[in-house]
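For reference, the structure discussed in these notes is given below.
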Amino acid sequence: DILLVQSALFGLIPAMNLIPYYRLSGTTRLPGLSLKDVWAPAHSRVWPRLEGAPLIDLRSKVYAELAPIPSDVESFWVEVVAEDTSGQQRAMNHFNKKSKGELIHAVLNANQLPKTIADLRRIAKKAGFGLEQSGRELTLVVSYSPPKAS
(Lines give C-alpha, C1' and ligand atoms only; values in the text may rest on other atoms or scores of the structure.)
Protein backbone atom coordinates (compact mmCIF):
# COMPACT_ATOMS: atom_id res chain seq x y z
CA ASP A 1 0.00 0.00 0.00
CA ILE A 2 1.57 3.22 -1.20
CA LEU A 3 0.62 6.82 -0.59
CA LEU A 4 1.89 9.16 -3.25
CA VAL A 5 1.65 12.88 -3.81
CA GLN A 6 2.14 14.63 -7.12
CA SER A 7 4.45 17.58 -7.29
CA ALA A 8 4.56 19.89 -10.30
CA LEU A 9 8.36 19.84 -10.02
CA PHE A 10 9.09 16.25 -8.97
CA GLY A 11 6.08 14.32 -10.29
CA LEU A 12 4.73 11.38 -8.24
CA ILE A 13 6.71 10.90 -5.04
CA PRO A 14 6.11 8.91 -1.84
CA ALA A 15 4.07 10.99 0.60
CA MET A 16 6.73 10.72 3.31
CA ASN A 17 9.55 12.08 1.13
CA LEU A 18 10.85 15.47 2.09
CA ILE A 19 10.92 18.00 -0.73
CA PRO A 20 12.40 21.48 -0.76
CA TYR A 21 10.28 24.59 -0.98
CA TYR A 22 9.71 25.63 -4.58
CA ARG A 23 7.35 27.84 -6.54
CA LEU A 24 5.86 25.83 -9.39
CA SER A 25 2.24 24.82 -9.62
CA GLY A 26 0.30 22.59 -11.94
CA THR A 27 -1.00 25.66 -13.78
CA THR A 28 2.41 27.32 -14.29
CA ARG A 29 3.08 28.24 -17.92
CA LEU A 30 6.70 27.78 -18.94
CA PRO A 31 8.03 29.06 -22.26
CA GLY A 32 8.47 26.18 -24.67
CA LEU A 33 7.54 23.49 -22.13
CA SER A 34 4.25 21.89 -21.17
CA LEU A 35 4.14 20.18 -17.77
CA LYS A 36 1.62 17.70 -19.19
CA ASP A 37 4.05 16.81 -22.00
CA VAL A 38 6.64 16.02 -19.31
CA TRP A 39 4.54 14.25 -16.67
CA ALA A 40 2.02 12.25 -18.73
CA PRO A 41 4.64 10.04 -20.45
CA ALA A 42 6.84 9.85 -17.33
CA HIS A 43 3.95 8.55 -15.23
CA SER A 44 2.55 6.21 -17.87
CA ARG A 45 5.12 3.64 -16.73
CA VAL A 46 4.27 4.16 -13.04
CA TRP A 47 0.49 3.64 -12.99
CA PRO A 48 0.45 -0.05 -14.03
CA ARG A 49 2.99 -0.84 -11.27
CA LEU A 50 0.51 0.41 -8.65
CA GLU A 51 -2.20 -2.12 -9.46
CA GLY A 52 -3.41 -4.61 -6.88
CA ALA A 53 -5.98 -2.48 -5.12
CA PRO A 54 -7.99 0.37 -6.61
CA LEU A 55 -6.09 3.65 -6.95
CA ILE A 56 -7.89 6.42 -5.11
CA ASP A 57 -7.01 9.66 -6.87
CA LEU A 58 -7.33 12.65 -4.53
CA ARG A 59 -5.52 15.05 -6.85
CA SER A 60 -7.11 18.26 -8.05
CA LYS A 61 -8.39 18.28 -11.62
CA VAL A 62 -5.32 20.27 -12.68
CA TYR A 63 -2.91 17.65 -11.36
CA ALA A 64 -5.03 14.74 -12.60
CA GLU A 65 -4.83 16.27 -16.09
CA LEU A 66 -1.02 16.58 -15.86
CA ALA A 67 -0.59 12.83 -15.45
CA PRO A 68 -3.82 10.99 -16.29
CA ILE A 69 -4.25 7.46 -14.99
CA PRO A 70 -4.75 5.12 -17.96
CA SER A 71 -8.27 3.75 -18.35
CA ASP A 72 -7.04 0.16 -18.04
CA VAL A 73 -5.80 0.81 -14.47
CA GLU A 74 -8.55 0.51 -11.85
CA SER A 75 -8.82 3.98 -10.33
CA PHE A 76 -11.37 6.31 -8.81
CA TRP A 77 -11.17 10.11 -8.82
CA VAL A 78 -12.55 11.85 -5.73
CA GLU A 79 -14.77 14.94 -5.84
CA VAL A 80 -15.67 16.64 -2.57
CA VAL A 81 -19.09 18.20 -2.04
CA ALA A 82 -20.72 19.92 0.89
CA GLU A 83 -24.24 18.83 1.79
CA ASP A 84 -26.45 21.06 3.90
CA THR A 85 -29.16 19.91 6.29
CA SER A 86 -31.77 19.98 3.49
CA GLY A 87 -29.70 17.58 1.35
CA GLN A 88 -28.55 20.24 -1.14
CA GLN A 89 -25.03 19.57 -2.42
CA ARG A 90 -22.49 22.05 -3.74
CA ALA A 91 -18.86 21.78 -4.75
CA MET A 92 -16.42 22.44 -1.95
CA ASN A 93 -14.11 25.40 -2.12
CA HIS A 94 -10.61 25.43 -0.64
CA PHE A 95 -11.86 23.26 2.25
CA ASN A 96 -11.87 20.25 -0.07
CA LYS A 97 -8.16 19.69 0.69
CA LYS A 98 -8.97 19.66 4.39
CA SER A 99 -11.68 17.06 3.86
CA LYS A 100 -9.42 14.89 1.72
CA GLY A 101 -6.76 15.15 4.43
CA GLU A 102 -9.27 14.09 7.08
CA LEU A 103 -10.22 11.08 4.95
CA ILE A 104 -6.55 10.08 4.58
CA HIS A 105 -6.11 10.52 8.35
CA ALA A 106 -9.05 8.18 8.94
CA VAL A 107 -7.64 5.64 6.46
CA LEU A 108 -4.21 5.69 8.11
CA ASN A 109 -5.75 5.27 11.56
CA ALA A 110 -8.10 2.44 10.55
CA ASN A 111 -7.41 -1.03 11.90
CA GLN A 112 -6.78 -2.19 8.34
CA LEU A 113 -6.12 -0.29 5.12
CA PRO A 114 -9.05 -0.51 2.69
CA LYS A 115 -8.78 -3.06 -0.10
CA THR A 116 -12.13 -2.23 -1.72
CA ILE A 117 -14.37 0.77 -2.22
CA ALA A 118 -16.77 -0.75 0.32
CA ASP A 119 -13.93 -0.77 2.88
CA LEU A 120 -13.16 2.86 2.08
CA ARG A 121 -16.86 3.74 2.39
CA ARG A 122 -16.96 2.21 5.89
CA ILE A 123 -13.89 4.18 6.97
CA ALA A 124 -15.34 7.39 5.51
CA LYS A 125 -18.64 6.82 7.33
CA LYS A 126 -16.85 6.24 10.63
CA ALA A 127 -15.03 9.57 10.05
CA GLY A 128 -18.34 11.35 9.50
CA PHE A 129 -18.33 11.48 5.69
CA GLY A 130 -20.57 10.05 3.05
CA LEU A 131 -18.92 8.33 0.09
CA GLU A 132 -20.93 7.80 -3.06
CA GLN A 133 -19.78 6.01 -6.19
CA SER A 134 -20.75 6.74 -9.76
CA GLY A 135 -18.66 4.78 -12.21
CA ARG A 136 -15.03 5.72 -11.64
CA GLU A 137 -15.85 8.80 -9.58
CA LEU A 138 -16.23 8.87 -5.82
CA THR A 139 -18.01 11.75 -4.16
CA LEU A 140 -16.90 12.53 -0.63
CA VAL A 141 -19.89 14.15 1.05
CA VAL A 142 -19.17 16.60 3.86
CA SER A 143 -22.17 17.62 5.97
CA TYR A 144 -22.47 21.21 7.11
CA SER A 145 -25.03 23.55 8.57
CA PRO A 146 -25.47 26.76 6.56
CA PRO A 147 -24.94 29.96 8.52
CA LYS A 148 -28.09 31.44 10.05
CA ALA A 149 -29.33 34.67 8.51
CA SER A 150 -29.02 37.54 10.95
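Laid out as a table, the results:
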read-out	value
Total residues in region 8-56, condition open to solvent by 60 Å² or more (accessible area, probe 1.4 Å), over 30 Å from residue 116 (Cα atoms) and of a type in the set (S, T, N, Q)	1
Within region 67-77, tally of residues that are part of a loop (DSSP other than H, G, I, E, B) and open to solvent by 30 Å² or more (accessible area, probe 1.4 Å)	6
Candidates 89, 133, filtered to the one that is farther than 24 Å from residue 25 by Cβ, at pLDDT below 90, polar (S, T, N, Q) and surrounded by 12 or more Cβ atoms within 10 Å (Cβ to Cβ)	89
Pair list, Cβ under 9 Å, 6 or more apart: region 134-150 residue more than 18 Å from residue 84 (Cα to Cα) and part of a loop (DSSP other than H, G, I, E, B), other residue of a type in the set (Val, Ile, Thr) and at pLDDT below 95	none
Pairs, first more than 18 Å from residue 62 (Cβ to Cβ) in region 85-109, second open to solvent by 100 Å² or more (accessible area, probe 1.4 Å), C-beta under 8 Å, six or more apart	106/126
Tally of residues being under 13 Å from the mean Cα position of the chain (by Cα) and under 18 Å from residue 131 (Cβ atoms) across region 51-80	12
Filter result for the condition that a residue is charged (D, E, K, R) and closer than 18 Å to residue 136 by Cα, over 37, 57	57
Test: residue in region 26-38 that is among the aliphatic types (A, V, I, L, M), over 23 Å from residue 108 (Cα atoms) and assigned to a loop (DSSP other than H, G, I, E, B)	no
Qualifying residue in region 90-97 (condition: in contact with a Phe, Trp or Tyr (Cβ under 8 Å, 6 or more places away or on another chain) and on the phi < 0 side of the Ramachandran plot)	no
Candidates 106, 118, 110, 64 - the one that is modelled with pLDDT of 85 or more, more than 21 Å from residue 10 (Cα to Cα) and either among the acidic types (Asp, Glu) or surrounded by 16 or more Cβ atoms within 10 Å (Cβ to Cβ) (or both)	106
All positions within region 104-122 that are assigned to a loop (DSSP other than H, G, I, E, B) and closer than 17 Å to residue 132 by Cα	114, 115, 116
Residue in region 137-148 that is open to solvent by less than 20 Å² (accessible area, probe 1.4 Å) and over 13 Å from the mean Cα position of the chain (by Cα) present	yes
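Condition check ((1) closer than 23 Å to residue 13 by Cβ; (2) in contact with a helix residue (DSSP H, G or I) (Cβ under 6 Å, 6 or more places away or on another chain)) across all residues:
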| residue | (1), (2) |
| --- | --- |
| 39 | yes, yes |
| 47 | yes, no |
| 56 | yes, no |
| 79 | no, no |
| 84 | no, no |
| 128 | no, no |
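The values are calculated or read from the model by the stated rules, or taken from the named source; none is laboratory data. Treat the numbers as computed from the prediction; the structure is a model and nothing was measured. Positions of Cβ are generated from backbone atoms using ideal geometry, with glycine treated the same way; all protein chains shown enter the neighbour counts. Surface accessibility is based on the protein's heavy atoms, side chains included, excluding ligands, DNA and RNA. Shrake-Rupley method; radii C 1.70, N 1.55, O 1.52, S 1.80 Å.
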